[in-house]
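Accompanying notes for the structure given below.
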Amino acid sequence: MKVCEALREARSISGKSQEYMSLELEVARKTVQNWEKGVSEPTIGQAVSWFKAIDVSPVPYLIQV
């Protein structure tokens with residue numbers, strides 16, 4: 001699983017919107033879209049914050065990356 005797929009799947013399962021993620025992470029919504037499309041990737045810190053924001057463990061996703 002690619003990083004973009006892990007982010008998109010985890011967010012989707014949590015029921016959170018891209019808008020919610022952009023507000024929580026203090027980034028533009030376009031940035032969230034780009035991360036989920038694989039156009040760019042978040043830093044390690046941003047990825048950790050992503051999973052904290054949706055209250056999901058990153059372990060199952062990151063093991064597959």
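Counting just the residues of the stretch 37-47 that are touching a residue at least 24 places away in the same chain (Cβ under 8 Å) and surrounded by 12 or more Cβ atoms within 10 Å (Cβ to Cβ), which one comes out farthest from the chain's Cα centre (by Cα)?
Restricting to residues being touching a residue at least 24 places away in the same chain (Cβ under 8 Å) and surrounded by 12 or more Cβ atoms within 10 Å (Cβ to Cβ), the top hit is G38.
Within the chain, considering only helices (runs of 4 or more DSSP H) that don't extend past its boundaries, which have at least 2 residues that are among the aliphatic types (A, V, I, L, M)?
Working: elements: 3-14, 18-25, 29-37, 44-53, 59-64.
Result: 3-14, 18-25, 44-53, 59-64.
Being in contact with an Asp or Glu (Cβ under 9 Å, 6 or more places away or on another chain) and not charged (D, E, K, R) is the filter here; which residues of the stretch 38-62 pass it? Write out each step before concluding.
Within the stretch 38-62, the subset in contact with an Asp or Glu (Cβ under 9 Å, 6 or more places away or on another chain) is 38, 47, 49-50, 52-54, 61.
G38, A47, S49, W50, A53, I54, Y61, listed by residue number.
Considering the stretch 4-36 alone, what residues qualify as being open to solvent by 60 Å² or more (accessible area, probe 1.4 Å) and either of a type in the set (D, E, K, R) or in contact with a Cys (Cβ under 7 Å, 6 or more places away or on another chain) (or both)? Explain how you work it out, then say what you get.
Kept after step one, since they are open to solvent by 60 Å² or more (accessible area, probe 1.4 Å), are these residues of the stretch 4-36: 5, 8-9, 12-13, 15-16, 19-20, 23-24, 26, 29-30.
Across the stretch 4-36, the qualifying residues are E5, R8, E9, K16, E19, E24, E26, R29, K30.
Does A53 satisfy the criteria of being of a type outside the set (D, E) and either in contact (Cβ under 8 Å) with a residue 40 or more places away in the chain or loosely packed, with under 14 Cβ neighbours inside 10 Å (or both)? Outline the logic, then answer.
On the way: of a type outside the set (D, E): yes; either in contact (Cβ under 8 Å) with a residue 40 or more places away in the chain or loosely packed, with under 14 Cβ neighbours inside 10 Å (or both): no.
In short, no.
The values are calculated or read from the model by the stated rules, or taken from the named source; none is laboratory data. Bear in mind the structure is a predicted one, so any value in this text is a computation, not a measurement. Ideal geometry is used to build each Cβ from the backbone, glycine not excepted, and the neighbour counts take in all protein chains shown. To get the accessible areas, we keep the full protein, side chains included, count just its heavy atoms, and leave off ligands, DNA and RNA. Shrake-Rupley method; radii C 1.70, N 1.55, O 1.52, S 1.80 Å.
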